[in-house]
1. I'd like the distance between the alpha-carbon centres of the range 38-82 and the range 147-176, rounded to an integer number of Å.
2. Order of 66, 21, 110, 32 from fewest to most other C-beta atoms within 10 Å?
3. So how do 165, 231 line up by other beta-carbon neighbours within 10 Å, fewest first?
4. Write down the percent of antiparallel bridges among all DSSP beta bridges whose residues are both part of the range 121-254, to the nearest 5.
5. With each pseudo-label sitting 7 Å past Cα toward Cβ, what's the residue 202-residue 156 distance in nm, one decimal?
6. Would you compute the Debye intensity of the range 91-186 from its alpha-carbon atoms alone, equal scatterers and no solvent, and pass along log10 I(q)/I(0) at q = 0.13, 0.15 Å⁻¹ to two decimals?
7. Modelling each spin label as a point 7 Å along the Cα-to-Cβ direction, I'd like the residue 223/residue 326 distance in nm, to one decimal.
8. Roughly how big is the range 189-267's charge dipole about its Cα centre, with Cβ charges of +1 (Lys, Arg) and -1 (Asp, Glu), in debye to the nearest 20?
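Just so it is clear, none of the values below were taken in a lab; they were calculated from the coordinates. These numbers were taken from a predicted model, which means no experiment stands behind them. Note that each Cβ is placed from the backbone with ideal geometry, even for glycine, and that neighbours are counted across all protein chains shown.
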Amino acid sequence: MKFHFFKNFSKIISPMLRHPIFLFGVPILMFITCVIPPFYPFTLLQSLALQGFGFLLLFTLGLFWIKKFTAFWVSVLALVGISIFLGFHISIFSTQDDRTLKNQKPDLTIAQFNVDFRDGHYDQMIQAILRTDADLVSCQEVSKAWAYQLKEKLAHNYPYHRLHFEYNMGNGLAIFSKRPFQGLGAIRVAKIPLFIGGFKHKKGDIFFTLIHTKSPVKYSNYVLRQKQFDFLKDLYLPQPAQHRFLIGDLNVVPWAEPFASFVQETDLQDSRKNLSLTYPRNVPIAGIPIDYILHSPQVRCLSLEKITDLGSDHAGIVGKYVLESYDKPQTFAPYLATHTEDEF
């Protein structure tokens, strides 16, 4: 039975390998998908550009093996183009590394976790959170059960907190802080809740947003995600505080257009030192980096650690930061009041 299957499969695949449309079409299609996706769903498939590069590399070697040299060189050019495109975006991570900060102690530690509302391994996740000893902890996909567990077991270490859950458990949010909030409000943008808040620090006030943007698995979600990024752009362009953070599962990779244009137009920087693939946590070969802690230039990232010993489908991330001293008065408290409302 197996022999007949492979024999029939060979009859189908062999003509394809000899057909010019297939030989030249695959590298061209992969290049377009990874680098310049013309429309949805190519924009969704662009998230898998790393995996696409690996597939095209194997395809290119296969072309060389069967001596299809013209198609081979076309495929090589496509590989080079994808390499340059990904290399430009990935090289940005290394610019965050500053050896002069190596021996400094962090002024602030922030942890980001997508807990996965379907996950019942509460203790494993909560122990992972406590081990970070972070000053600020953000959680997404907080269901009613998760909200109870998180508040019950983290409130002692984090007396300042706010939780939100609803019928759509993927929309649930939680924020835990060791410092009192100077302001903390909630608003719904493109059907999705987010938290906007801040607290005082001796080196200058901290402004942050916690958000879980829509996963673009459907075109309607793709449109909603773009509206969320448009809102965030308007939120951060006025630079409401010296030290600014954007935290959450953004459901976008660093080389995709919504993210690339957002960080270009605002002054926020990615905390990553490397790819730090976070989803899916238990399938590294399919991993993509979609969990973030972005920060303003007056904040320097000492390290970004990936946390994998937990039960969620996402890895957690923990960033440690040094803040530049800032003596000027901050005015973001009124700014928070005009941009948030307690509607939940």
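1. 44
2. 21, 66, 32, 110
3. Result, fewest neighbours first: 231, 165.
4. Just about 85 percent of them are antiparallel.
5. So the label points at residue 202 and residue 156 sit 2.8 nm apart.
6. Computed log10 I(q)/I(0) values: -0.52, -0.65.
7. That separation, rounded to one decimal, is 3.7 nm.
8. 260
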